[in-house]
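Chemist: This is the structure I want to talk about, given as structure tokens.
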Amino acid sequence: MKKYSFLTIFLFSVLFATAQEDNKWTLQECVNYALENNISIKQSELNVELSEIEKLDAIGNLLPNVNASATNAWNTGLTQNVTTGILQTQTTRNFSAGITASMSLFDGLRNFKQIQRSKISQLSAQYSLEKMKDDITLFVADSYLQVLFSKQNLEVLRLQNEVTLEQLERTQELVDAGSLPRGDLLEIRATNADEKQRMIVAQNNIKISLINLAQLLRIDDYENFDVVDRDYDIFGSDILENSVYEIIDRAREERFELKIAEANRDLAEKDVEIAKGAYMPTLGAFFNYNTRESGMGRITGVTIDPQDPTREIGVVESTGEVVVAPNTMTTIGNPLPFFEQLQRNDGITYGVQLSIPVFNGFATRNQVKRAEVNAQRAVYEMEQAELDLEANIYQAYVDAQGAFEAYEAALVAANAQEQAYDYATQRYDVGLTNAFDYSQSKLRYENAQREVVRTKYDYIFKLKVIELYFGVPVTELKF
């Protein structure tokens with residue numbers, strides 16, 4: 001009977017790739033794809049764009065405001081003739097146009113502080129984006145490693161089942177020869193059926209883990225999505241040779257959690273300065289150019305109204321409209337040409353305006369107080385972020401050490417179970433033990449192998465968490 005050691009299974013079951021792996025995804029490809037397509041990252045990128053717009057808004061507040069306007073209106077009725085100054089019934093068209101410019105000269109330096117605030121906000125948005133990229137990278141790595149664990153777990157079951165099938169064939173021969181009781185054959189058959197069932201569960205776990213990874217990457221083709229069947233060695237464990245305090249000091253310089261908290265604190269302090277600027281006077285300058293033109297229709301053909309002999313009517317020459325037109329109010333002149341009127345009627349207005357705040361119902365005072373409260377809250381949040389970072393690093397450091405110890409213990413247990421299984425096999429082959437005891441020894445060995453696989457990938461992932469805290473860039477995460 002062919003015997004399989006755990007190391008042989010573990011090393012050679014995943015070293016050879018097939019031609020189909022050309023269409024399978026590596027970890028780096030998954031990470032790169034997630035960084036380009038993940039929804040959370042795209043939302044963070046939108047926040048960066050909004051911060052850039054906020055900066056443009058702040059710069060725009062320093063520039064003049066320029067507005068142009070024009071109005072053209074008609075009026076029919078008793079109005080003053082602009083040519084003769086006489087009141088008369090007529091249709092008048094009035095046109096006016098103007099352009100106004102205004103600019104803030106001083107507003108308590110709030111515009112300049114708003115620009116400074118927008119730069120801090122832009123930096124905070126960029127930090128948040130980088131932190132989101134780190135988080136997504138860890139999520140992808142965790143999901144990817146879960147797929148590999150599921151695949152290697154299935155491989156362990158498959159190889160163990162091959163041993164069971166060989167043992168089943170040998171047991172059948174011994175039972176047929178009368179060397180073993182039929183109960184041993186039934187026990188081996190029951191073991192084979194149990195392994196087949198666990199292999200089905202393991203295959204389903206692979207599908208589920210692949211679907212979870214595909215959803216994280218926003219890939220809809222679940223059926224054709226797969227990852228490269230490759231073993232990842234444990235390396236980088238030398239990072240645990242650093243003390244936890246060294247990792248914490250490095251994380252304070254590198255981690256985006258603290259940088260975000262610091263930026264939020266600076267934003268809150270800047271909001272206080274902006275709010276206090278409302279106590280200062282404001283000075284603005286303005287300039288206005290305007291002109292106007294009026295055109296009216298002359299009334300001609302004045303006659304007695306046949307329906308009312310007490311009044312006279314006339315016809316507006318330009319429109320043909322019939323209007324009431326007493327003889328004493330008929331138009332005798334014509335308006336000036338359009339552009340000539342614009343030239344004669346134009347004018348400019350300019351000056352400066354000073355506004356001194358005196359009392360506004362405590363609105364400014366309360367706004368300053370609110371800003372100061374928010375600034376103090378931001379200070380507390382930054383202190384809490386530092387405490388959380390320390391706690392998370394301590395937890396990650398202890399978890400990594402514990403995962404390494406669990407992995408070493410799993411290796412020792414697997415080696416011991418392998419020896420026990422070899423001994424049980426030898427005893428079973430010579431009839432010194434029954435099939436049940438042999439199957440139980442084989443099951444314990446199989447579980448020990450699976451535990452080695454599980455603890456290995458758990459340790460690899462927790463090492464990656466420590467590396468991120470230590471400031472290793474995302475692009476240098478290698479598994």
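Chemist: I'd like the residue in region 164-214 that is hydroxyl-bearing (Ser, Thr, Tyr) and assigned to a helix (DSSP H, G or I) and, out of all such residues, is farthest from the chain's Cα centre (by Cα).
Modeler: This residue is 171.
Chemist: Whether any residue in region 62-82 is within 30 Å of residue 227 (Cβ to Cβ), of a type in the set (Val, Ile, Thr) and assigned to a loop (DSSP other than H, G, I, E, B) is what I want to check.
Modeler: No; the residues of region 62-82 include none that is within 30 Å of residue 227 (Cβ to Cβ), of a type in the set (Val, Ile, Thr) and assigned to a loop (DSSP other than H, G, I, E, B).
Chemist: Does residue 212 qualify as being in contact with a helix residue (DSSP H, G or I) (Cβ under 8 Å, 6 or more places away or on another chain), under 28 Å from residue 449 (Cα atoms) and open to solvent by less than 50 Å² (accessible area, probe 1.4 Å)?
Modeler: So residue 212 fails the test.
Here is a yes/no grid of residues against (1) buried (at least 18 other Cβ atoms within 10 Å of the Cβ); (2) within 30 Å of residue 434 (Cβ to Cβ):
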{"residue": "93", "(1), (2)": "no, no"}
{"residue": "96", "(1), (2)": "no, no"}
{"residue": "113", "(1), (2)": "yes, no"}
{"residue": "128", "(1), (2)": "yes, no"}
{"residue": "145", "(1), (2)": "yes, no"}
{"residue": "156", "(1), (2)": "yes, yes"}
{"residue": "181", "(1), (2)": "no, yes"}
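Chemist: Could you list, in sequence order, all residues of region 95-134 that are of a type in the set (S, T, N, Q) and more than 17 Å from residue 256 (Cα to Cα)?
Modeler: 96, 100, 102, 104, 111, 114, 116, 118
Chemist: Let me ask another. Conditions first: (1) at pLDDT below 60; (2) exposed (fewer than 15 other Cβ atoms within 10 Å of the Cβ); (3) not charged (D, E, K, R). Residue 285 passes all but one, so which condition is the exception?
Modeler: Status for residue 285: all satisfied but (1).
Chemist: Quickly run through region 371-386 and pick out the residues that are of a type in the set (D, E, K, R) and surrounded by 13 or more Cβ atoms within 10 Å (Cβ to Cβ).
Modeler: Answer for region 371-386, where residues must be of a type in the set (D, E, K, R) and surrounded by 13 or more Cβ atoms within 10 Å (Cβ to Cβ): 372, 377, 381, 386.
Chemist: Among the residues of region 128-145, is there at least one that is at pLDDT 90 or above, part of a helix (DSSP H, G or I) and within 30 Å of residue 277 (Cα to Cα)?
Modeler: Yes, region 128-145 contains a residue that is at pLDDT 90 or above, part of a helix (DSSP H, G or I) and within 30 Å of residue 277 (Cα to Cα).
Chemist: If residue 322 passes every condition in (1) aliphatic (A, V, I, L, M); (2) open to solvent by 40 Å² or more (accessible area, probe 1.4 Å); (3) at pLDDT 85 or above but one, which one does it miss?
Modeler: The number of the failed condition is (3).
Chemist: Follow-up. Pairs under 7 Å by beta carbon, first residue without any contact (Cβ under 8 Å) to a residue 24 or more places away in the chain and under 11 Å from residue 168 (Cβ atoms) in region 181-199, partner open to solvent by 70 Å² or more (accessible area, probe 1.4 Å) and polar (S, T, N, Q), six or more apart or different chains?
Modeler: No pair meets every condition.
Chemist: When you scan region 433-448, do you find a residue that is of a type in the set (Lys, Arg), open to solvent by less than 80 Å² (accessible area, probe 1.4 Å) and touching an Asp or Glu at 6+ places or on another chain (Cβ under 9 Å), even just one?
Modeler: No; the residues of region 433-448 include none that is of a type in the set (Lys, Arg), open to solvent by less than 80 Å² (accessible area, probe 1.4 Å) and touching an Asp or Glu at 6+ places or on another chain (Cβ under 9 Å).
Chemist: Further question on the same structure: Consider residue 220 carefully, then state whether it is under 30 Å from residue 44 (Cα atoms), without any contact (Cβ under 8 Å) to a residue 24 or more places away in the chain, within 34 Å of the chain's Cα centre (by Cα) and open to solvent by 60 Å² or more (accessible area, probe 1.4 Å). It would help to see each step written out before you state the result.
Modeler: Numbers: under 30 Å from residue 44 (Cα atoms): yes; without any contact (Cβ under 8 Å) to a residue 24 or more places away in the chain: yes; within 34 Å of the chain's Cα centre (by Cα): yes; open to solvent by 60 Å² or more (accessible area, probe 1.4 Å): yes.
Criteria met by residue 220.
Chemist: Quick check on this structure: which one of 253, 262, 187 is under 30 Å from residue 377 (Cβ atoms) and surrounded by 15 or more Cβ atoms within 10 Å (Cβ to Cβ)?
Modeler: Sole residue among the options that is under 30 Å from residue 377 (Cβ atoms) and surrounded by 15 or more Cβ atoms within 10 Å (Cβ to Cβ): 262.
Chemist: Identify the residue in region 35-62 that is within 30 Å of residue 105 (Cβ to Cβ) and of a type outside the set (A, V, I, L, M, F, W, C) and, among all such residues, is least open to solvent (accessible area, probe 1.4 Å).
Modeler: Applying the first criterion (within 30 Å of residue 105 (Cβ to Cβ)) to region 35-62 yields 50-62.
When the remaining residues are screened for being of a type outside the set (A, V, I, L, M, F, W, C), the result is 51-52, 54-55, 57, 60-61.
Working: 51: 4, 52: 85, 54: 52, 55: 60, 57: 96, 60: 32, 61: 78 Å².
Only one residue tops the list, namely 51.
Chemist: Could you tell me whether residue 249 is in a helix (DSSP H, G or I), over 32 Å from the mean Cα position of the chain (by Cα) and not hydroxyl-bearing (Ser, Thr, Tyr)?
Modeler: Values: in a helix (DSSP H, G or I): yes; over 32 Å from the mean Cα position of the chain (by Cα): no; not hydroxyl-bearing (Ser, Thr, Tyr): yes.
Judged against the criteria, residue 249 is not a match.
Chemist: Taking the conditions exactly as written (modelled with pLDDT of 95 or more and farther than 30 Å from residue 289 by Cβ), does residue 365 satisfy them or not?
Modeler: On the way: modelled with pLDDT of 95 or more: no; farther than 30 Å from residue 289 by Cβ: yes.
Against the criterion (modelled with pLDDT of 95 or more and farther than 30 Å from residue 289 by Cβ), residue 365 does not qualify.
Let's see how each residue does on (1) modelled with pLDDT under 85; (2) touching a Phe, Trp or Tyr at 6+ places or on another chain (Cβ under 6 Å):
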{"site": "422", "(1), (2)": "no, no"}
{"site": "429", "(1), (2)": "yes, no"}
{"site": "432", "(1), (2)": "yes, no"}
{"site": "441", "(1), (2)": "no, yes"}
{"site": "459", "(1), (2)": "no, yes"}
{"site": "462", "(1), (2)": "no, no"}
{"site": "477", "(1), (2)": "yes, no"}
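Chemist: Determine whether region 75-82 contains at least one residue that is within 30 Å of residue 350 (Cα to Cα) and either open to solvent by less than 50 Å² (accessible area, probe 1.4 Å) or in contact (Cβ under 8 Å) with a residue 60 or more places away in the chain (or both).
Modeler: yes
Chemist: Same structure, new question: Name the single residue, out of those in region 223-241 being open to solvent by less than 40 Å² (accessible area, probe 1.4 Å) and within 29 Å of residue 395 (Cβ to Cβ), that is modelled with the lowest pLDDT. Working first, answer last.
Modeler: Initial filter on region 223-241 (open to solvent by less than 40 Å² (accessible area, probe 1.4 Å)): 225-228, 231-232, 236, 239-240.
Then drop every residue that is not within 29 Å of residue 395 (Cβ to Cβ), which leaves 227, 231-232, 236, 239-240.
Working: 227: 91, 231: 65, 232: 66, 236: 58, 239: 80, 240: 83.
Going through the qualifying residues, I end up with 236.
Chemist: Does residue 396 fit the bill of being surrounded by 12 or more Cβ atoms within 10 Å (Cβ to Cβ), assigned to a helix (DSSP H, G or I), at pLDDT below 95 and among the small types (Gly, Ala, Ser)? Before you say what the answer is, go through the steps one by one.
Modeler: Values: surrounded by 12 or more Cβ atoms within 10 Å (Cβ to Cβ): yes; assigned to a helix (DSSP H, G or I): yes; at pLDDT below 95: yes; among the small types (Gly, Ala, Ser): yes.
The answer is yes for residue 396.
Chemist: While we're looking at this one, here's another question. Counting just the residues of region 342-361 that are among the hydrophobic types (A, V, I, L, M, F, W, C) and not in a loop (DSSP other than H, G, I, E, B), which one comes out surrounded by the most Cβ atoms within 10 Å (Cβ to Cβ)?
Modeler: So, considering only residues that are among the hydrophobic types (A, V, I, L, M, F, W, C) and not in a loop (DSSP other than H, G, I, E, B), the one surrounded by the most Cβ atoms within 10 Å (Cβ to Cβ) is 342.
Chemist: Criterion first (open to solvent by less than 10 Å² (accessible area, probe 1.4 Å), free of Cβ contacts under 8 Å to residues at least 40 places away in the same chain, assigned to a helix (DSSP H, G or I) and not basic (Lys, Arg)) does residue 161 satisfy it?
Modeler: Yes: the conditions hold for residue 161.
Chemist: Just to be sure, is residue 418 open to solvent by 60 Å² or more (accessible area, probe 1.4 Å), under 30 Å from residue 184 (Cα atoms), in contact (Cβ under 8 Å) with a residue 12 or more places away in the chain and in contact with a helix residue (DSSP H, G or I) (Cβ under 8 Å, 6 or more places away or on another chain)?
Modeler: The answer is no for residue 418.
The values are calculated or read from the model by the stated rules, or taken from the named source; none is laboratory data. Because the structure is a prediction, the values reported are computed rather than measured. Because the Cβ atoms are built from the backbone with ideal geometry, glycine has one as well, and the counts that use them run over all protein chains shown. For accessibility, only protein heavy atoms count, side chains too; no ligands or nucleic acids. Shrake-Rupley method; radii C 1.70, N 1.55, O 1.52, S 1.80 Å.
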